[in-house]
Amino acid sequence: MQSSLDTEKPISSGSISGSDSVGFLIGQRVHFVGDTRRIGTVKYVGAVEGYGGIWVGVDWYNGDGKHDGSHNGVRYFEAQGPKSASFVRPHNLSSGFPLLKALELRYHGESTKEEEDEMYVLSASNKRVTIELLGKDKIQNKLSQFEELTSASLAYLGVSSAGPPGHINTTIPRLKELDLSGNLLSDWKEIAAICKELPALVTLNLSYNSMSHDISGMPLLNHIKVVVLNHTGIGWKQVEMLKDSIPLVEELHLMGNKLRGITPLSSDIVHGFDSLRLLNLENNLIAAWDEILKLSQLKRLEQLFLNNNCISHIWYPDHNPLSEPPNSLELLRESFRPFQNLRCLLVGGNKIEDFSSIDTLNLFPNLLDIRLSENPIADPRKGGVPRFVLIARLEKVEILNGSQVSPRERKDSEIRYVRLVMSKCQDPEEIKKLHPRFVELKKFHGIEYEKAATGATGPQKLSSSLISITLKCVAASIGEKVPLTKKLPATITVGKLKILCESFFKIKSVKPKLFIQEEGSPLPTLLDDDMASLIDFGVGNGSIILVEEECQR
């Protein structure tokens with residue numbers, strides 16, 4: 001029977017080994033000696049029945065263990081998973097070491113390829129920009145002059161403390177960007193000690209450290225402008241406690257912290273953060289838009305990232321028939337409109353499926369960049385609408401789902417949208433209710449209902465208009481065909497177009513399947529209803545139709 005005790009030997013490495021004495025506390029973060037990426041939390045220290053000596057029970061973050069905290073029927077502690085824990089001898093564990101020791105190991109020691117791949121700096125948008133190595137000896141010689149170092153990546157190196165006072169400041173006084181993600185840090189006092197000794201520090205990344213919820217006594221750090229706290233386990237209460245220490249922060253990243261709400265300490269909305277321009281709340285558990293509205297008075301907020309939450313409905317405070325805005329919002333509205341400076345809102349990967357949530361985005365005063373992908377409303381395969389409908393309904397959007405909306409795409413999208421509405425709905429009151437921009441767009445583009453007279457010029461006529469479309473044959477079994485541009489009635493059905501494609505491309509043995517390829521959309525949309533017209537699918541002038549073949553089963 002395989003033992004559930006971890007008896008593997010530590011990997012030979014330049015890392016500092018753990019102490020031979022126990023010296024571990026319950027709740028302490030540790031890593032396995034020789035493998036600083038194998039990080040866990042101490043859950044038990046003591047004897048294990050049937051084995052001599054002292055053992056440390058560790059719950060590993062990556063789930064790479066042997067049991068759930070029990071051994072031979074005896075429960076020693078509760079682990080996060082059925083095989084995320086193991087018992088380890090104390091000398092095989094390390095409680096980490098000071099920042100400068102990690103710096104020396106990283107930049108003075110012999111680096112592995114994996115470590116070289118992690119030499120990077122953080123851009124203003126929290127993206128990693130790899131440092132180009134101009135020869136290993138040259139870069140290590142350059143970085144040996146620590147006083148000239150302006151950025152350092154010390155991710156997953158076992159850092160657990162600031163070390164002796166004064167040493168960091170005299171060694172790396174010019175450091176501006178510091179990545180400490182994936183280390184053994186948890187005490188905010190250690191973070192404060194590090195930051196106080198780095199007066200030039202602008203960007204601090206503490207992601208994947210299990211940070212304490214006690215943030216009391218933090219000093220003023222008015223030089224910090226970018227703080228990354230992804231996957232640190234902190235809640236909004238801790239963010240509120242932290243904000244007075246970082247009054248000039250411009251970017252705050254809080255991904256993956258299981259946040260369900262925004263909980264201001266002393267009112268119903270968030271105050272402070274007077275310099276905050278970007279707030280990243282992606283990959284959390286926020287469901288109610290009311291929580292997001294608590295951020296609406298952040299006067300300089302320009303970018304709000306909410307991808308991959310649980311939001312199902314969006315509304316603007318002035319225009320929600322179901323909910324009244326908080327009283328404090330009423331008091332502030334005269335001088336500052338909610339989300340007044342917000343220009344980028346990313347809400348991809350949520351649960352939005354209603355048009356009112358789309359239309360309400362027009363009420364945000366300066367919103368130009370919107371992400372809606374991976375929501376039901378934006379996925380035609382799940383009953384949502386194609387890109388052109390979203391563009392037409394969003395009056396000011398310039399970037400949709402990461403793709404620029406050109407003037408031509410906007411014009412084509414709005415014309416296609418108007419024609420689509422006219423083909424499906426005749427009741428003016430229903431149109432006004434369901435399609436708020438329809439009347440405006442119809443008038444702007446000069447599109448009319450009635451059938452055109454022979455030789456007529458002027459406004460476009462729906463029934464008689466021909467549209468120019470390009471047909472591209474992409475079926476593998478048919479072979480390469482020259483694309484064809486044809487003028488066809490907008491009312492032609494998909495079924496009839498398929499018959500025409502058989503004639504155009506001289507195909508008889510293959511049953512065609514049609515897709516519309518839209519600018520800015522990653523995947524083409526299937527025209528899956530033979531009885532529907534091209535108008536019904538929003539096909540318009542300049543559209544590209546892909547001719548594929550039906551899969552043979």
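The values are calculated or read from the model by the stated rules, or taken from the named source; none is laboratory data. In this text, all values refer to a predicted model and were calculated from it rather than measured experimentally. Neighbour counts are summed over all protein chains in view; Cβ atoms, including those assigned to glycine, are modelled from backbone coordinates with ideal geometry. These accessible areas exclude ligands, DNA and RNA; they are computed on the full protein's heavy atoms, side chains included. Shrake-Rupley method; radii C 1.70, N 1.55, O 1.52, S 1.80 Å.
Each residue of the range 426-441 was assigned a 3J(HN,Hα) from its phi angle through the Karplus expression (A = 6.51, B = -1.76, C = 1.60, θ = phi - 60°), giving 10, 6, x, 5, 5, 4, 4, 6, 8, 9, x, 9, 4, 4, 4, 6 Hz with x at Gly and Pro. Applied to the range 296-305, the Karplus parametrisation 6.51 cos²θ - 1.76 cosθ + 1.60 on θ = phi - 60° returns per-residue 3J(HN,Hα) values of 5, 9, 6, 5, 10, 5, 10, 10, 10, 9 Hz, with x for Gly and Pro. Annotation: per residue accessible area for the range 191-295 equals 36 Å², rounded to a whole number [probe 1.4 Å, protein chains only]. Amide H contacts under 5 Å for Glu395: none, restricted to partners 5 or more places along the chain or on a different chain, H placed in the peptide plane at 1.01 Å from N.
Here the spin labels are modelled as points 7 Å beyond Cα on the Cα-Cβ line, and at Asn541 and Ser210 they lie 6.4 nm apart. Annotation: Cα Rg of the range 214-267 relative to the compact-globule expectation 2.2 N^0.38 Å equals 1.11. Phi-derived couplings, Karplus 6.51 cos²θ - 1.76 cosθ + 1.60 at θ = phi - 60°, listed residue by residue for the range 307-313: 4, 6, 10, 10, 6, 10, 8 Hz, with x used for Gly and Pro. Would you tally the net charge around Glu291, using a Cβ to Cβ cut-off of less than 15 Å, leaving Glu291 out, and scoring K and R as +1, D and E as -1? Taking every other residue near Glu291 into account, the sum is +1. Amide hydrogen proximity for Val45: with H placed 1.01 Å from N in the peptide plane, the residues at 5 or more positions away or on another chain lying under 5 Å are Gly57.
Among 267-273, 204-210, the peptide with the highest mean count of other Cβ atoms within 10 Å heads the list, and the full ranking is 204-210, 267-273.
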